[in-house]
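To keep things clear, I will list the structure first and then write my remarks on it.
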C-alpha cells in the first residue's frame, strides 16, 4: 500500500534475474566477459539461456534490489521501472511487492518483453551478467509518477538506464522533480563499462545534479580516468556532497568535502555470490542516511546488508536485515 512519504524512491531497469553456478570453462566457451555486465539481444539471450544449467529466477535489477534491501531494514521504499504484461512481468511485480516495496507501475500492454539478466556465478564467486533489456530501458518521462517521486526523501537513480535517450529523459525528470521537492538525488555508476560509455555525462551529473554517488573502486577510477584510487577519491570529494566507494573485503570509504570515513566490511560467512553486493550496500547506506544516522553508521548498515547478500546465491536478502543488524556488534571506531 502506498504511503505519504518514502525514505527512498528508486528508478531503474526492471529485470528478472536468472542465476546459475558454472565453471570458468562455461565463460570461456561462450566468449563472455567475466565479471562484467554485457548487453545482449533477444536471440543471444535465448541461446545462452538454453545452455545454462538449472537456475534460480527472481525479480531483480540494480535499483529494485536496493529498494528491497531498504524494505528489509524496515524502511519505506518505492520503485519506478517498466515491465511488460507477460509472465516475467507478473513475476517481477509480485516479487517486489512481496518484499515490501511499493510498485504501482502499470504493466505495458505492448512492446518488447520483460527484461531478463542471465547471471553466471563462477567458483570464485565472481558474477558475469548478460542482460537483455527488453522493455525495461524504454522507460519514458510519462512513466515517472511525479507525486511518487516528490514523496521520497532520496531519489535513487541507476546508471544502467543511461543507455537510451527516453530513459535518460525519464531520469532527468525524476531528478528535477526530486530537487523541486527538496529531496536528495543519488546515483549509482553501475558498471565500469557503463561509465566508459557515458563518462562525460556522468561527470556532469556528479558535479552538478547528484548529491550522493555510489561506486566501487574500478568505477570511480574509470570515471576520473585514473588508476590511482586516491586521486579519484580526491576528485570526487570536490563534486558530490557524499560519495560512497565500496572496496570489497576492505570495506568502504564514505567521503564528503570535510571527511574521509573508512567503514569496515562484514560477512555472514564464506562468500558464495557477489551478485547485488553493491546494490545492498546502497540499501543499507540509504536506510541509515534517511533515518538520521551519521555517515559512519550509515556505511555500517551498508556493510551488514552487503555481507548478508554475498553469503548466499541471489541479490536479495534471505533474512530480515533489521533483525540481522540488531544481532551484529557494532565495530569499534
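The values are calculated or read from the model by the stated rules, or taken from the named source; none is laboratory data. The structure presented is a predicted model; accordingly, all values stated were derived computationally and were not measured. Here Cβ is always computed from backbone atoms with ideal geometry, including for glycine, and neighbour counts include all displayed protein chains.
None of 225, 207 is part of a helix (DSSP H, G or I) and surrounded by fewer than 18 Cβ atoms within 10 Å (Cβ to Cβ) except 207. Within region 260-279, the only residue that satisfies the criterion of being closer than 18 Å to residue 8 by Cβ and not in a helix (DSSP H, G or I) is 276. Using the structure shown, decide if residue 282 is assigned to a helix (DSSP H, G or I), at pLDDT 95 or above, within 23 Å of residue 127 (Cα to Cα) and in contact with a strand residue (DSSP E or B) (Cβ under 7 Å, 6 or more places away or on another chain). So residue 282 fits the description; yes.
Annotation note: of 106, 150, the sole residue that is buried (at least 16 other Cβ atoms within 10 Å of the Cβ) and over 24 Å from residue 191 (Cα atoms) is 150.
Among the residues of region 137-154, at least one is part of a loop (DSSP other than H, G, I, E, B), within 30 Å of residue 49 (Cα to Cα) and within 18 Å of the chain's Cα centre (by Cα). Filtering region 157-191 to residues that are assigned to a loop (DSSP other than H, G, I, E, B) and modelled with pLDDT of 95 or more leaves 181, 182, 183, 189.
The rows are residues; the columns are (1) modelled with pLDDT under 95; (2) over 21 Å from the mean Cα position of the chain (by Cα).
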residue	(1), (2)
218	no, no
240	yes, no
246	no, no
255	no, no
269	yes, yes
278	no, no
288	no, no
295	no, no
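Elements of the type strands (runs of 3 or more DSSP E) sitting completely within region 4-87 and holding at least 3 residues that are surrounded by fewer than 22 Cβ atoms within 10 Å (Cβ to Cβ): these cover 15-21, 37-39, 56-60.
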